[in-house]
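Undergrad: Before I ask anything, let me first share the structure, which is written out below as structure tokens.
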Amino acid sequence: KAKAINFGVIYGISAFGLANNLRIPREDAKQFIDTYFDRFPQIKDYMELTVNFAKKHNYVRTIFGRKIHTPNINAKGHIAGFARRAAINAPIQGSAADIIRRAMIRIPQALTVNSLSANMLLQVHDELIFEVPKNEVEITTKVIAKEMENACGPVVKLEVPLLVDTGVGDTWSEAH
């Protein structure tokens with residue numbers, strides 16, 4: 001329920017929508033939303049500032065400055081709601097995509113410098129999957145984690161550090 005509330009509120013879910021998702025009375029859902037914004041007013045401020053910026057400029061930016069266009073932000077009806085949620089989400093998801101791309105660019109060089117023979121196989125959202133010789137797993141894991149945690153620098157300095165969880169296994173499922 002906490003995850004549904006957290007992500008629902010961030011993406012602009014209504015009391016009706018949250019009540020439907022959680023199968024609770026609409027009044028309870030409204031109370032959850034109101035309490036959320038009372039506890040985290042900065043999130044509401046971010047949402048309003050982001051939507052207002054998008055309405056004025058027809059785009060938003062990632063933390064690296066990449067523009068994400070919001071062509072329907074000034075639309076009416078249900079399209080407006082979708083455009084609003086997309087404008088709020090785009091800087092967050094876009095920044096995450098920028099960070100993982102920066103890591104993917106930096107990791108091959110870091111592996112080479114450390115004489116490691118791992119191969120990057122796949123990206124899944126904020127995860128990278130590698131094929132690594134068993135005798136190189138420990139050092140490779142450290143090198144990759146360091147590159148991922150520092151992927152923003154030197155362009156962007158985050159106030160809250162990125163932390164990387166690693167896992168090892170013969171399959172992606174085992175690595176989790």
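Undergrad: Quick check, is Tyr46 more than 18 Å from the chain's Cα centre (by Cα), part of a helix (DSSP H, G or I) and surrounded by 15 or more Cβ atoms within 10 Å (Cβ to Cβ)? Spell out how you get there, then give the answer.
TA: Numbers: more than 18 Å from the chain's Cα centre (by Cα): no; part of a helix (DSSP H, G or I): yes; surrounded by 15 or more Cβ atoms within 10 Å (Cβ to Cβ): yes.
Taking the combined requirement at face value, the residue does not satisfy it.
Undergrad: Right, another one. Go through the range 154-167 and give me each residue that's out of contact with any Phe, Trp or Tyr (no Cβ under 9 Å at 6 or more places or on another chain), more than 14 Å from Ala96 (Cα to Cα) and surrounded by 10 or more Cβ atoms within 10 Å (Cβ to Cβ).
TA: If the condition is that a residue be out of contact with any Phe, Trp or Tyr (no Cβ under 9 Å at 6 or more places or on another chain), more than 14 Å from Ala96 (Cα to Cα) and surrounded by 10 or more Cβ atoms within 10 Å (Cβ to Cβ), then Thr166, Gly167 are the ones that fit.
Undergrad: Would you pick out the residues in the range 1-31 that are open to solvent by 80 Å² or more (accessible area, probe 1.4 Å), more than 22 Å from Phe82 (Cα to Cα) and either part of a helix (DSSP H, G or I) or touching a strand residue (DSSP E or B) at 6+ places or on another chain (Cβ under 8 Å) (or both)?
TA: So the first thing to find is which residues in the range 1-31 are open to solvent by 80 Å² or more (accessible area, probe 1.4 Å), and the list is 1, 3, 7, 16, 20-21, 23, 26-27, 30-31.
From the residues that got through so far, the ones that are more than 22 Å from Phe82 (Cα to Cα) too are 1, 23, 27, 31.
Result: Glu27, Gln31.
Undergrad: So for the range 112-129 (the condition being open to solvent by 60 Å² or more (accessible area, probe 1.4 Å), within 21 Å of Thr62 (Cα to Cα) and more than 16 Å from the chain's Cα centre (by Cα)), does at least one residue qualify?
TA: no
Undergrad: Just to be sure before I move on: is Gln109 among the polar types (S, T, N, Q) and over 30 Å from Ile144 (Cα atoms) in the structure I sent? Lay out the reasoning, then the answer.
TA: Values: among the polar types (S, T, N, Q): yes; over 30 Å from Ile144 (Cα atoms): no.
So Gln109 does not fit the description; no.
Undergrad: Continuing with this model, one more query. If the Cβ limit is 8 Å and pairs must be 6+ apart or interchain, which residue in the range 111-123 that is more than 16 Å from Thr166 (Cα to Cα) pairs with which residue that is of a type in the set (D, E, K, R) and surrounded by 12 or more Cβ atoms within 10 Å (Cβ to Cβ)?
TA: If the second residue must be of a type in the set (D, E, K, R) and surrounded by 12 or more Cβ atoms within 10 Å (Cβ to Cβ), the pairs left are Leu116/Glu136; Ser117/Glu136.
Undergrad: Scan the range 40-69 residue by residue and report those that are basic (Lys, Arg) and at pLDDT below 95.
TA: So in the range 40-69, the residues basic (Lys, Arg) come out as 44, 55-56, 61, 66-67.
Of everything in the range 40-69, just one residue is basic (Lys, Arg) and at pLDDT below 95, namely Lys44.
Undergrad: Among the listed residues Phe53, Phe82, which satisfies the condition of being among the aromatic types (Phe, Trp, Tyr), touching a strand residue (DSSP E or B) at 6+ places or on another chain (Cβ under 9 Å) and open to solvent by 70 Å² or more (accessible area, probe 1.4 Å)? Break it down stepwise before answering.
TA: Details: Phe82 fails: touching a strand residue (DSSP E or B) at 6+ places or on another chain (Cβ under 9 Å).
That would be Phe53, the only listed residue that is among the aromatic types (Phe, Trp, Tyr), touching a strand residue (DSSP E or B) at 6+ places or on another chain (Cβ under 9 Å) and open to solvent by 70 Å² or more (accessible area, probe 1.4 Å).
The values are calculated or read from the model by the stated rules, or taken from the named source; none is laboratory data. Here the structure is a predicted model, which is why all the values come from computation and not from measurement. As a convention, Cβ positions derive from the backbone with ideal geometry for all residues, glycine included, and neighbour counts pool all protein chains shown. SASA here: full protein model, heavy atoms, side chains in, ligands and nucleic acids out. Shrake-Rupley method; radii C 1.70, N 1.55, O 1.52, S 1.80 Å.
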